[in-house]
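Q: The following block contains the structure, expressed as structure tokens.
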Amino acid sequence: MSFKSDLDLELCKLASLSPAGYFVGLHIRFAAPLMTFQTYDQRWTDRYTEQAYALRDPMIAWGFSTEGVARWSEITIPDPFKIMEEAASYGLIYGVSVACGPIASRTIAGAARSDREFTDAEQARIQEIVLRLHDMTEPPDSLTPAQIEALRCIAAGDRHAAAAAKLGISESALKARLTSARHKLLARTTAEALQRAKDYRLL
């Protein structure tokens, strides 16, 4: 299976365990995740974003303070802004949080339901899925010199033909280098690959 198929399969498994939705922030570095996936009620997502709740969310604070899995009802971090109380009004009443990975590349996830607490078995399955998602999206430590050259040309504003001429290669060879860089950085577009390469200080 392809990387996208593998990723979609794990997210489908997570969705089946999360009747009220889930959120996954993968490899949070420099305050931004490599990838995010979420299926919470869109009204709650919009509200959360508008109010910048991520800066005050007790579940995010918990995720940066420990590794493991816990039910929301078991997490005792103060919630002075009553974010969890407000989340419950959107159906996120019972939940599980998972945190894994080093603090410099932490993955934090939440899964919710409105009818009951998650069982121990469900909680363990959710943690396993999040750990697999974290492992399969591990950012690279480096790019090849050829990939770096190609990305730098595009970052400088060169079009494909000009970049290929500058590097003394064919346009198809340049495109191959850019494609391999996108795959390595798990990026859908060259612009996204450039941003990730900069974020990870690979350029």
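Q: Between Glu50 and Ala32, what is the spin-label point distance in nm, taking each point 7 Å from the Cα along the Cα→C-beta axis?
A: Result: 2.4 nm between the two label points.
Q: Nearest 0.05, what FRET efficiency do Asp141 and Lys166 give at R0 = 30 Å with Cβ-Cβ as r?
A: For Asp141 and Lys166, the calculated efficiency is 0.65.
Q: Roughly what angle does helix 171-184 make with the longest principal axis of the chain, taking Cα atoms, 0 to 90 degrees, to the nearest 10?
A: In the chain, helix 171-184 runs at an angle near 20 degrees to the longest axis.
Q: While we're on this one: Which whole-number percentage describes the relative contact order of region 74-203, with Cα contacts under 8 Å and a sequence gap of 6 or more?
A: The value is 16 percent.
Q: Counting Lys and Arg as +1 and Asp and Glu as -1, each charge on the Cβ, what is the dipole of the chain about the Cα centre in debye, to the nearest 20?
A: The dipole of the chain has a size of about 880 debye.
Q: If you fit an axis through the alpha-carbon atoms of helix 145-155 and take the longest principal axis of the Cα set of the chain, what angle between them do you get, 0 to 90°, nearest 10?
A: 80 degrees
Q: While we're looking at this one, here's another question. With θ set to phi - 60°, apply the Karplus curve 6.51 cos²θ - 1.76 cosθ + 1.60 along region 90-98 and write out the HN-Hα couplings as whole Hz, x wherever there is a Gly or Pro.
A: These are the phi-based 3J(HN,Hα) values: 9, x, 8, 8, 10, x, 10, 10, 10 Hz.
Q: From zero outward in steps of 10 Å, how is the percent of C-alpha pairs of region 1-66 spread across the bins?
A: Histogramming region 1-66 at 10 Å steps yields 17, 47, 32, 4 percent.
Q: So what does the Cα-only Debye profile of region 46-108 read at q = 0.20, 0.25 Å⁻¹, as log10 I(q)/I(0), no solvent term?
A: Log-scaled intensity ratios, in q order: -0.80, -1.16.
Q: If you average 1/r over every pair of different alpha-carbon atoms in the chain and take one over that average, what Kirkwood value in Å do you get?
A: Hydrodynamic radius (Kirkwood, Cα only) of the chain equals 18.5 Å.
Q: Angle between the Cα long axis of helix 120-136 and the longest principal axis of the chain, 0 to 90 degrees, nearest 10?
A: That helix lies at roughly 10 degrees to the long axis.
Q: Report the one residue of Leu17, Ser5, Leu203 whose Cα lies farthest in the direction of the positive end of the charge dipole of the chain (charges on C-beta: Lys and Arg +1, Asp and Glu -1; origin at the Cα centre).
A: Leu203
Q: Please give the calculated 222 nm ellipticity per residue for the chain, where each DSSP H segment of at least 4 residues contributes -39500 (n - 2.57) and the sum is spread over every residue; nearest 500 deg cm²/dmol?
A: -14500 deg cm²/dmol
Q: At 0.36 nm per residue, and after removing the present C-alpha to C-alpha distance, how many nm does the segment from Arg152 to Glu74 gain when stretched out fully?
A: 23.3 nm
Q: Next up: Ile169's amide H: which non-local residues (gap 5+, or another chain) put their own amide H closer than 5 Å, with H modeled 1.01 Å from N in plane and none for Pro or chain starts?
A: Result for Ile169 returns nothing.
Q: Using the Karplus curve 6.51 cos²θ - 1.76 cosθ + 1.60 with θ = phi - 60°, work out ³J(HN,Hα) for each residue of region 43-52 in order, rounded to whole Hz, and write x for Gly and Pro.
A: 5, 6, 4, 5, 4, 4, 5, 4, 8, 6
Here, each number is a calculation from the coordinates, and none is a lab measurement. Everything quoted here is computed from the prediction, not taken from an experiment. So basically every Cβ, Gly included, is an ideal-geometry build from the backbone, and we count neighbours across all protein chains shown.
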